[in-house]
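The structure appears right after this line, and notes come after that.
Coordinate-derived values only; no laboratory data. Everything numeric in this text was worked out from a predicted model, so none of it was measured. Positions of Cβ are backbone-derived with ideal geometry, glycine not excepted, and every protein chain shown enters the neighbour counts.
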Amino acid sequence: MLDKTDEQKAITDMVRQFADEQILPNAERYDHEDAFPEPIVEQMRELGLFGVTIPEEYGGMGLDLTTYTLIVEELSRGWISISGIVNTHFIGSYLLMKFGTDEQRQKYLPRMATGEIRAAFSLSEPELGSDVQAIKTAAKKLDDGAYEINGQKMWVTNGLKAGLVFTLVKTDPGADPRHRGMTCFIAEKEPDVSENSGEYAGFTVPPQLKKMGYKGVESTELVFDGYRCPAENILGGEEVGLNKGFAQMMDALEVGRVNVAARGVGIAQRALELALRYSQERKTFGKQIADHQAIQFKLADMATQVEAARLLTLRAARLKDAGERSDLEAGMAKLFASEAGRFCVEESFRIHGGYGYSKEYEIERLYRDAPLLLIGEGTSEIQRMVIGKKLLQRHKI
Ligand SMILES: Cc1cc2nc3c(=O)[nH]c(=O)nc-3n(C[C@H](O)[C@H](O)[C@H](O)COP(=O)(O)OP(=O)(O)OC[C@H]3O[C@@H](n4cnc5c(N)ncnc54)[C@H](O)[C@@H]3O)c2cc1C
């Protein structure tokens, strides 16, 4: 499971070096200032990291989910905000590759592959996150054939800087079941502009939400107030895509879960590295703390969790790449790896003693960052619901 092809080895070595040289030395500064890491993102564009899974014919690298997963682990080991900048973009490109029309792929993928335009992904609203079918933001068809979107979205990662927001809205309020009345629109806007005008009028991005961690990358609300979206921006085209958005988004969430799992592995791995180092530097009762068995047990539990999380994550990615069912495995990987991230960060924090509470030490940032992974792409409770449901489907008597 851990074997890498020569290509995978070369690219993960390159990204690890990038994380060591460019991300880790700068992450604390950007985190403390809550500033967008523009120079790092610029280098990621040059390295082609916005087009990892986009086919070569559209200017991407055409690599598989397994390789992407390995890359995300390395980026997240550096700072999960950096992987967050790529992640919703990856989900957007996945949606286009799997469900988009030829015209939609031609129009967006080449510019997405270079990172010239970046994508966000918007399901959540102020009154809902887990219960996606309760979405209230609605689109209605106008006489000229375009759709008008009204409503409010919440917690949109990359909400300000993105040029495309894959937005799930209600298009048939009377649909029963509710999920049959939802459509994914490719909502275009000006990147980095709060109040859009002209053809994007009615699309407003309020000031960034203030967060405990996961700094640097913006999380925003989105307000749609009479925003016009042409029918050709329905994912998959109007004829095929209208009222099919829920299934499209749930499909994308499956790969999104593998992606969050990889972020869990990355942050857990970093927490372990910090603990291994600090425990050999700090002395108590006349010896390094690593010589106390209680500390060794913590290190052992952390290393075991990291390894298990990595294996589950790679298994889910490899199954998906092989075209096999991976819904259950993606849920397990997301659940286990995000909890492993939280566990390892907390254990590493404890090993750091009082210094873990200091902003001078990297573990303090990880302690604020790790909980996000328990929430995004479905909470741990939701993963257990997914796993339970899929288990029963697969083992029906
Ligand atoms: C920093 C950040 C970035 C985000 N980025 C995005 C993004 O880019 N796009 C996007 O669409 N969303 C994004 N989200 C939103 C995220 O997906 C939701 O917060 C998440 O799905 C949980 O939804 P909620 O916050 O509404 O919690 P709720 O759904 O209100 O849940 C509250 C609690 O109840 C539990 N719960 C809910 N239903 C059940 C049930 N049936 N059984 C048992 N327990 C249950 C949950 O597990 C949780 O513990 C982001 C969130 C954060 C914090």
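Taking the square roots of five times each eigenvalue of the Cα gyration tensor of segment 184-318, the equivalent ellipsoid has semi-axes of 47, 22, 8 Å, listed largest first. Between the exposed loop cleavage positions of the chain, defined as GluC sites (Glu not before Pro) in a non-H, G, I, E, B DSSP state with at most 16 neighbouring beta-carbon atoms within 10 angstrom, the longest gap is 128-323.
The reciprocal of the average 1/r between distinct C-alpha atoms defines the Kirkwood hydrodynamic radius, which for segment 81-149 equals 14.2 Å. For segment 1-121, list log₁₀ I(q)/I(0) at each q in 0.12, 0.19, 0.23 Å⁻¹, using the Debye formula over Cα point scatterers of equal strength and ignoring solvent, two decimals each. Listed by q, the Debye log ratios stand at -0.43, -1.01, -1.34. Residue pairs exceeding 24 angstrom between C-alpha atoms, taken from 140/189; 136/215; 153/211: 136/215. Placing dummy labels 7 Å off each Cα toward the beta-carbon, the span from residue 321 to residue 136 is 4.4 nm. Over what distance in Å are the Cα centres of segment 364-384 and segment 147-222 separated? Result: 22 Å between the Cα centres. The coefficient of translational diffusion for segment 350-392, derived via Stokes-Einstein from the alpha carbon Kirkwood radius under 25 °C and 0.890 mPa s, stands at 197 µm²/s. The residues packed around residue 194, meaning those with a beta-carbon under 14 Å from its beta-carbon, carry a net charge of -4 if Lys and Arg are +1 and Asp and Glu are -1.
Diagonalise the Cα gyration tensor of the chain and give the resulting equivalent ellipsoid semi-axes, square root of 5 times each eigenvalue, largest first, whole Å.
Semi-axis lengths for the chain are 37, 22, 20 Å.
The phi-based Karplus calculation (6.51 cos²θ - 1.76 cosθ + 1.60; θ = phi - 60°) puts the 3J(HN,Hα) values of segment 167-181 at 10, 8, 9, 8, 10, 9, x, x, 4, 9, x, 4, 5, 7, x Hz, whole numbers, x for Gly and Pro. What fraction, in whole percent, of alpha-carbon pairs in segment 60-198 exceed 23 Å separation? Roughly 40 percent, rounded to a whole number.
Calculated on the Cα set of segment 208-285, radius of gyration then Dmax: 21.6, 73 Å. Couplings for segment 300-311, taken from phi via the Karplus curve 6.51 cos²θ - 1.76 cosθ + 1.60 with θ = phi - 60°, read 5, 5, 5, 4, 5, 5, 4, 5, 5, 5, 5, 5 Hz in order; Gly and Pro are left as x.
Convex hull volume of the Cα atoms of segment 310-365, normalised per residue: 70 Å³. Once you have a ≥ b ≥ c as the square roots of the Cα gyration tensor eigenvalues for segment 124-194, tell me rounded if a/c is under 1.5, and otherwise prolate or oblate according to whether a/b is larger than b/c. Cα axes put segment 124-194 in the oblate bin. Between residue 148 and residue 35, the simple spin-label model (points 7 angstrom out along Cα→Cβ) gives 4.3 nm.
Panel note: the C-alpha atoms of segment 231-378, placed on their principal axes, show extents of 73, 31, 16 Å (largest first).
Separation of segment 13-47 and segment 89-119, taken as the distance between their Cα centroids, equals 24 angstrom. Our coupling estimate for segment 228-240, obtained by passing each phi through the Karplus curve with A = 6.51, B = -1.76, C = 1.60 and θ = phi - 60°, is 8, 10, x, 4, 5, 8, 6, 4, x, x, 4, 5, 8 Hz, Gly and Pro reported as x. Could you calculate the FRET efficiency of residue 14 with residue 273 from 1/(1 + (r/R0)^6), where r is the beta carbon distance between them and R0 is 25 Å, rounded to 0.05? With R0 = 25 Å, the Cβ-Cβ based efficiency is 0.85. Over all pairs of different C-alpha atoms, segment 135-248 has a mean inverse distance whose reciprocal, the Kirkwood radius, equals 14.4 Å.
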